[in-house]
Every structure is written in C-alpha cells, then in structure tokens.
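What follows is calculated from the coordinates using simple rules that are stated; it is not laboratory data. Given the structure is predicted, the values throughout are model-derived calculations rather than measurements. So basically every Cβ, Gly included, is an ideal-geometry build from the backbone, and we count neighbours across all protein chains shown.
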Amino acid sequence: GMFALLIKSRKVVSQDITVSHLLSINNILKRRVIIWDNLNANDYDQRRLCMGPYTGRSLNISNEINGILLNPNCEFELNFIPLNTLGQWFKLININEKDNNYNKDFIKTSSIYEVNKAFEKSLIDWLPEFNKIKSANDSQQILKIDNYREGMSPKCLISSLTNEENVEESLNENVISCSSSRLSKSDIMECDHNKNNICLTIDDIRLLVELFYLPYQHGPNIQQVFMDFYWLRFNYNQYKNVRKTEKRKISSYNSYYSSAGHHGGT
C-alpha cells in the first residue's frame with residue numbers, strides 16, 4: 001500500500017523533530033509517517049557542507065514513525081559522521097526495544113542518545129581513514145568505458161587518467177606514514193616523526209567537521225573561535241579610539257608645555 005512521507009520544516013531543514021509534532025501529523029494522516037530528513041543534505045545548496053552528527057531527534061520518536069530516510073551530502077566521503085551517528089542512534093533504539101520489552105513508557109538511562117559521545121566515537125572511527133598510507137594503486141584513477149552493445153563494435157577503453165611516472169614522483173614528495181593504527185589515550189595516532197611525515201589527530205578532524213557542522217550552526221569550538229575574533233575586533237577598535245584620545249592629549253600637553261617654556265624663557 002501507500003506510505004506517508006513527512007518533510008517537517010518551514011525552511012527545508014528541521015532543527016528538532018519532537019514526539020508532539022509527530023503525534024499531530026499521525027492523527028491527521030491516521031498512520032505513522034516516514035521521515036525524509038534533510039539534516040545533512042546539501043543538494044539544495046551545494047556551496048554548503050553539513051558534516052555534523054545526527055541530532056535534534058529524540059529516541060522517543062521511534063514509537064511514532066515507520067522509519068527515517070536521511071538525505072546526505074552530495075559528496076559521499078563527507079557523510080561518515082552523519083551516517084555513523086545515525087547508526088548509533090538506531091542501535092540504541094534496538095537496545096531499548098530489547099531491554100524494555102517494547103514498553104514505550106520506560107527507557108533506561110544508560111541507553112539515552114548523547115550527541116557529544118556519538119560524535120566523539122565517530123571521530124575515532126573515522127581518523128584511521130585520514131592516516132592511511134597511500135600507495136600508487138590508490139592514487140591512480142582508472143576509468144573504463146564499455147560502450148559495447150549488441151550489433152555494435154566495441155569502442156576503445158580509457159584505461160587510465162594518470163601517468164604512472166607522475167604519480168610515483170608526486171607520491172615520493174608527499175608521503176604520509178604512520179607507525180601504528182592504534183589510538184593513544186589522547187586519541188592521537190602514533191606517527192613516525194620524520195621531518196616530512198604528518199599525521200592528523202582527533203582534534204584536527206573535529207575542527208574540520210565543526211567548520212562545516214549543521215545547517216543552522218557551527219560546532220562549539222568554531223563558535224568559540226568566532227567569539228574570540230569578535231572580541232579582538234571590538235576591543236581593537238576600542239583600543240584605537242583610546243590611542244587617538246591619548247595622542248590628542250599628549251599633543252595638547254606638548255603644545256602647552258612648549259608654549260609655557262617659550263614664555264618662561266622670555
């Protein structure tokens with residue numbers, strides 16, 4: 001049969017979806033809806049990226065819906081955090097259903113979805129992808145086009161877009177290597193500390209994601225950076241005004257003393 005889709009927002013993206021919202025819709029449609037969630041979508045504005053965690057949706061809404069379809073970023077690689085945290089969200093729903101024997105009125109405190117913890121876990125899961133040692137095979141882009149159809153002669157294949165020698169030269173210049181894939185207590189990859197070797201840390205990835213967080217906000221660390229810049233800009237202007245006032249005072253004092261010294265000399 002047919003099913004209902006809910007795109008719940010006045011501006012494409014809902015910051016929060018609550019049980020009360022869903023109940024009102026369900027009562028009208030006489031069925032539980034499926035949510036088409038644009039939280040991380042950028043197909044309507046590809047100048048923006050939304051790499052932040054799944055948030056603003058309580059686990060309690062699972063009792064009032066038939067499912068969720070997450071509309072992700074158009075760029076596949078940017079969806080690790082959104083999809084990883086959505087997976088954690090669904091996993092907790094399954095845990096609650098098993099532990100509570102499908103009792104809607106009780107959810108264990110240990111199984112509450114905490115966005116910050118889910119975000120941190122997804123960062124840890126994603127970090128090894130950034131610190132993988134690249135090989136020549138990983139860097140070559142091979143595009144094969146098979147235009148063969150029945151009754152037509154096969155076309156030539158494009159086997160590679162990259163010259164192997166150029167790839168090897170560029171790889172020799174910029175090689176990222178790590179001595180271990182395990183995370184330390186501070187969540188930093190152990191790296192071979194040679195001059196030309198760089199390994200990213202959890203904090204590096206967190207800043208990247210928080211720069212391109214969610215449609216309606218930056219991440220908390222980036223918000224603090226903006227506040228610090230605002231403070232510097234505001235106080236710099238204040239300082240400039242104070243300096244101008246002080247210069248005028250000093251100039252008037254110098255004029256006064258020069259004049260007083262001149263008259264005293266006569």
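Given a Förster radius of 30 Å and the C-beta distance between Gln238 and Arg48 as r, what FRET efficiency does 1/(1 + (r/R0)^6) yield to the nearest 0.05? It would help to have the intermediate numbers written out before the result.
On the way: r = 34 Å, r/R0 = 1.13.
Approximately 0.35, to the nearest 0.05.
Tell me the label-point distance for the pair Asp228, Ile34, using the 7 Å Cα-to-Cβ offset, in nm and rounded to one decimal.
4.6
List the residues of segment 63-96 whose backbone N lies under 16 Å from a point placed 7 Å from the Cα of Val115 along the Cα-to-Cβ direction.
What the label zone holds, given the 16 Å backbone N cut-off, is 81-90.
Return the distance in nm (one decimal) between the two label points of a simple spin-label model at Asp125 and Leu208, each offset 7 Å from Cα along Cα→Cβ.
Rounded to a tenth, the inter-label distance reads 1.7 nm.
Under 11 Å from the 7 Å Cα→Cβ point of Lys134, by amide nitrogen: which residues of segment 38-74?
Within reach of a label on Lys134, which here means backbone N under 11 Å from a point 7 Å along Cα→Cβ, segment 38-74 contributes nothing.
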